[in-house]
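In what follows, a single structure is set out as structure tokens and then discussed.
The values are calculated or read from the model by the stated rules, or taken from the named source; none is laboratory data. Being a predicted model, the structure only gives us computed values, none of them experimental. For accessibility, only protein heavy atoms count, side chains too; no ligands or nucleic acids. Shrake-Rupley method; radii C 1.70, N 1.55, O 1.52, S 1.80 Å.
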Amino acid sequence: MASDVPMSPELEQIDGEVQDIFRALQNGFQKMDKIKDSNRQAKQLEDLTAKMKECKRLIKEFDRILKDEESNNPPEVHKQLNDRKQYMIKELNSYVTLRKTYQSSLGNNNKRVELFDMGAGSSEPAAEDNIQMASAMSNQQLMDAGREQMTQTDQAIDRSKMVVMQTIETGTQTASALTQQTEQMKRIDNELDSVHFSLKKASQLVKEIGRQIVNPRNKNIRDIPGLAPPAQNFQISNRRLLSVEIFSGL
């Protein structure tokens with residue numbers, strides 16, 4: 001979630017780091033369902049828990065700086081920054097709910113690391129936590145936030161499926177068009193072969209006609225279908241003389 005709230009460089013730096021952790025948490029929980037080995041799932045959950053702890057520390061630092069700068073900021077800016085802090089708390093708590101869900105399915109309730117424990121030997125009482133993230137939302141709100149996050153993930157998966165289906169449909173249509181074009185090219189090729197064969201036969205026929213006219217007594221020249229054989233008493237003794245007689249009679 002991008003922010004247009006005016007921030008000091010310190011708050012802007014923390015806000016950017018928190019958003020990076022949120023993206024890492026989202027990707028990490030999406031990978032959980034793909035991991036089949038329970039030991040690997042537990043290790044993945046442990047890594048995600050560490051990221052959530054770091055996120056909590058950054059939000060607390062954000063809150064501390066926000067209080068230090070309160071006197072320097074106009075009331076409306078301070079309210080916007082405080083709303084930004086509440087958004088980060090709500091977002092983190094949604095991942096806390098997801099962690100508990102996966103933790104329960106793994107059966108690691110006795111080994112879980114509580115996100116909001118202050119650690120052994122800590123002198124800071126939990127009641128004085130400036131942000132009080134665990135109590136910022138009721139259990140029902142936490143469950144609702146977790147469901148909302150899972151719904152968003154399901155919607156993202158559905159959108160990805162839709163893109164895949166559209167891609168497959170486009171590929172099918174393209175393949176069909178290519179098949180039709182290939183068939184058309186085959187028909188054109190066959191027609192060209194037929195034309196080539198007809199031209200070859202016509203060329204042979206013209207050659208035979210020419211040979212019959214020039215040398216009608218040649219018995220090796222086969223008769224041409226549809227063309228009457230030359231008269232046997234037709235004599236050509238002198239082609240030049242014949243030409244002269246023809247032209248003189250015109």
Practice prompt. Go through the residues of the stretch 78-89 one by one and say whether even a single one is of a type in the set (Lys, Arg), modelled with pLDDT of 95 or more, part of a helix (DSSP H, G or I) and open to solvent by 60 Å² or more (accessible area, probe 1.4 Å).
Written response: no
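Being open to solvent by 20 Å² or more (accessible area, probe 1.4 Å), among the aromatic types (Phe, Trp, Tyr), assigned to a helix (DSSP H, G or I) and closer than 18 Å to Gln152 by Cα is the requirement here; does Tyr95 meet it? Talk me through it step by step, then tell me what you get.
Numbers: open to solvent by 20 Å² or more (accessible area, probe 1.4 Å): no; among the aromatic types (Phe, Trp, Tyr): yes; assigned to a helix (DSSP H, G or I): yes; closer than 18 Å to Gln152 by Cα: yes.
For Tyr95, the condition - open to solvent by 20 Å² or more (accessible area, probe 1.4 Å), among the aromatic types (Phe, Trp, Tyr), assigned to a helix (DSSP H, G or I) and closer than 18 Å to Gln152 by Cα - is not met.
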